[in-house]
């Protein structure tokens, strides 16, 4: 093993001639820490690239490809708002003493997605009001109308997400609770900055447009241009006007929705999504809990190579110790110690091919030997020759035990025994009893060593069951005793993570139900939003199983992020459906035509960003890619396809006069 502060040149990277018959693959004490750091640093470039994809896509789609009407300035404002949100959240949480765990690094992607989505909605609504209500209305009045329509849509999604995360912060898992607290507060701050920063910047940008000043270069003037007639020039690049005239996405979505809302289209839609839900439910019942620390090692790492070779040729179970406390006293618990040994040597949970290391059995084999002078006068019950012989007198027991302990025979067990009298503890052999040592005070603690079997630790659920069953049995055989391994730290998570996941999803579902019904006061609309969000999460969870994703702390965090994204994709459509007039079919088409492009842009920008992260060697980012890819495609389809189809059938009509 290589120490933490050792020279890294001793790692298996030395330029040594390879042998045809011998290949070196090592694991060092510092290997895990080094490789974790290398994995994260190696993925920073990919994560930065994913952020860049969102920014570039936002700059292209938030405005027109025109020197005057482009959206470069607004896209940077959207990103700056995310930065302000992150900085404010870190400062506020630091002030209140909420720890900042590593899982919070995943929050930035959620904030970027939500921030860009809000920017699409607000800018789209402002452009709509400028085209439809722009005549005779000032910029301030149009901004007020934007806050009234787009602001409410953003409020619905922000309030739902924030409350769901804040209520979910009551989880028993500290890291998950910290993440939920940070997420809830940051979403509230992000919404606040959208109203107090983005809308004013939207007004400033409108003034620049009216003054025919170039985007991001306000000192330059240009001839007057209509927003409906972009010139295809932006940042010095000129392309054919027809390409950037705009409106193609809106028209395409409206045309698609006209087909979906026909009787045949509705039937096909419901059949497809029913099949999708069936597969999702099946996968949800099959997915299982599992997590291993070595999963965090990149595939190309020498550590991962070591683990693969070790698992293939030298696979062993997990070493454990069974620890006994000071109470009951060791002398009084002699029968318990023997029963513990008998259990460890017979249970299927322990690898019986590896000897159980019991100091008590070794000591008693030495003590009952008639040739031992120190125990020659000791009385045993029922007899010295009986297989279950125990000392009858405590003084004789502790005197013999300490004699064996400080001698050569018991020297290898000194690490497994701690005497109540500190002066009795030895590092080496001793011919005399140390001064101050009170032997009759007995042992403060002791332990047995064993190895769990491979069959009992092959999956996360089996590992947790093995750990809990051994805890119960050990405590039963020797009150206060318990098995321990460093790996139990991760096994504990596996035991409670499914309960915490279901609990947080139910909390999120309840919060979504209340907030959607409160902010979309139309039960025949709100109920379908909740249904689509629920189906999106169930389907995502089910397809995670088919993509080899297990339930762990990492995937749980990403699933909770997905709840927020799923709400965004459905709530915007529902809000605009409520605002639209006409028959149910006309309202569904109008809602998708109005807000659909914003939702589609949010879906596509997030999808492009997670694809970049998907090329990572890191387990964390691979799971991030898989879960986010699933929720973006599944929740996006539910929001842009299934929800309008349902509303076109069951959403109800609305007369134009009710608009007042």
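Readers should treat all values here as calculations from the given coordinates under stated rules, not as data from a laboratory. Everything quoted here is computed from the prediction, not taken from an experiment. No Cβ is skipped: glycine too gets one built from the backbone with ideal geometry, and neighbour counts run over all protein chains shown.
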- May I ask for the percentage of alpha-carbon pairs in the stretch 371-521 that lie more than 26 Å from each other? 54 percent
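Only Cα pairs under 8 Å and at least 6 apart count here; give the relative contact order of the chain as a rounded whole percent.
Numbers: 984 pairs, mean separation 127.6, N = 660.
Answer for the chain is 19 percent.
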- When the chain is fully extended, how far beyond the present Cα-Cα distance does residue 522 get from residue 325, taking 0.36 nm per residue of separation? 64.7 nm
- Query: Looking only at the stretch 620-656, which residues have a backbone nitrogen under 16 Å from a spot 7 Å from the Cα of residue 547 in the C-beta direction?
  - Reply: 620-638
- Message: Restricting to Cα pairs below 8 Å that are 6+ residues apart, what does the relative contact order work out to for the stretch 319-486? Please round to a whole percent.
- Response: 38 percent
- Query: Across the stretch 349-398, how large is the tail of the calculated P(r) beyond 14 Å, expressed as a percent of all Cα pairs?
  - Reply: 55 percent
- Note on the structure: residue 270 and residue 310 label points (each 7 Å along its Cα→Cβ direction) are spaced in nm at 5.7 nm
- So how do 418, 287 line up by other beta-carbon neighbours within 10 Å, fewest first? 418, 287
- Query: Sorted from fewest to most neighbouring beta carbons within 10 Å, what does the list 137, 444 look like?
  - Reply: 137, 444
- Note on the structure: With only helices counted (DSSP H, runs n ≥ 4, each -39500 (n - 2.57)), the per-residue ellipticity at 222 nm for the chain, to the nearest 500, works out to -20000 deg cm²/dmol
- Just how far, in whole angstrom, is the stretch 85-161 from the stretch 488-528 if you go by their alpha carbon centroids? 23 Å
- Query: So for 171, 440, fewest C-beta neighbours within 10 Å to most, what's the order?
  - Reply: 440, 171
- Sort out for me the Cα centre separation of the stretch 394-434 from the stretch 438-479, rounded to whole Å. 24 Å
- Note the angle between two axes, namely the Cα long axis of helix 139-168 and the longest principal axis of the Cα atoms of the chain, as a number of degrees from 0 to 90, rounded to the nearest 10. 20 degrees
- Task: Return the inverse of the average 1/r over all pairs of distinct C-alpha atoms in the stretch 492-570, which is the Kirkwood hydrodynamic radius, in Å to one decimal.
- Result: 13.3 Å
- Using a Förster distance of 51 Å, the FRET efficiency for residue 385-residue 286 (Cβ separation, nearest 0.05): 0.35
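Using a Förster radius of 60 Å, what is the FRET efficiency between residue 131 and residue 48 based on their Cβ-Cβ separation? Nearest 0.05, please.
The pair residue 131/residue 48 has a calculated efficiency of 0.95.
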- Note on the structure: Rounded to one decimal in nm, the spacing of the 7 Å Cα→Cβ label points at residue 76 and residue 650 is 4.8 nm
- Item | Residue-span extension gain [residue 581 to residue 427] - 0.36 nm each, minus C-alpha spacing | 46.8 nm
- Estimated FRET transfer efficiency (residue 461, residue 371; beta-carbon r; R0 56 Å; 0.05): 0.65
- Query: Which entry in (1) 90, 78, 62; (2) 112, 57, 53; (3) 121, 78, 46 matches Cα extents along the principal axes in Å derived from the coordinates of this structure?
  - Reply: (2)
- Task: Please give the contour-minus-distance gain from residue 615 to residue 454: 0.36 nm per residue of separation, less the Cα-Cα distance, rounded to one decimal in nm.
- Result: 54.7 nm
- Measure nothing but the geometry: give the 0 to 90° angle between the long axis through the Cα atoms of 31-61 and the longest principal axis through the Cα atoms of the chain, rounded to 10°. 10 degrees
- Message: Based on alpha-carbon centroids, what's the gap between the stretch 267-346 and the stretch 560-631 in Å, whole number please?
- Response: 35 Å
- Helix 488-519 sits at what angle to the longest principal axis of the chain, using alpha carbons and giving 0 to 90 degrees rounded to 10? 30 degrees
